[in-house]
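What follows is one structure encoded as structure tokens, with my remarks underneath.
The values are calculated or read from the model by the stated rules, or taken from the named source; none is laboratory data. The shown structure was predicted, so the numbers you read here are calculated from the model rather than taken from an experiment. Here Cβ is always computed from backbone atoms with ideal geometry, including for glycine, and neighbour counts include all displayed protein chains. Side chains are part of the model used for accessible areas, which takes the heavy atoms of the whole protein and leaves out ligands, DNA and RNA. Shrake-Rupley method; radii C 1.70, N 1.55, O 1.52, S 1.80 Å.
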Amino acid sequence: MAARHGTRRRYTEGCRCDECRDAQRLYQQRYRERRANGDVAPVTNVTPEPDEVFKIEHLPGPVESGVTAEIDGLAAQARPGLAQAALALARVLDNPRAVNQRAAAAKVLSSLLDKLRAASARGRRGGLAVVRTMTEKDGA
């Protein structure tokens, strides 16, 4: 519901009629007076410094721990990019703020783990060795 004309709220919603501009002008004038009298505390920076953000220790969640355990058993060294992408998606699944992205992340994580499993299987036997055994005739 839109606010009445001639109010600061209507001005902040985008109205620029004379009444709303007057309301904003009056508010700003009173604000400057309060600030000059020391009634208004100065605005401080509430966002943390970048160094403080990166100092937070990252503890792996249950999905990330499971993916790490699964990747350790696979040929992650053969496809390190896929392994890191899988870990990043596991962090998304562990993040309580990323609820909307969970379904898509789970789908992509599953396909990445399948690719890692396939790379691991190829590394043990070799892709051409499998084809050769399929095409060889019995007893030849």
Where 12, 7 fall by accessible area, highest first, once all protein chains stay in place (1.4 Å): 12, 7
Proximal charge balance of residue 12 [Cβ under 15 Å; K/R count +1, D/E count -1]: +4
Region 17-32 - phi-based ³J(HN,Hα) in whole Hz, Karplus 6.51/-1.76/1.60, Gly and Pro as x: 6, 4, 5, 5, 5, 5, 5, 5, 4, 5, 4, 4, 5, 5, 5, 4
Long-range HN-HN contacts of residue 6 with modeled amide H, under 5 Å: 20
Probe 1.4 Å - accessible area at residue 94, Å² to nearest ten: 40
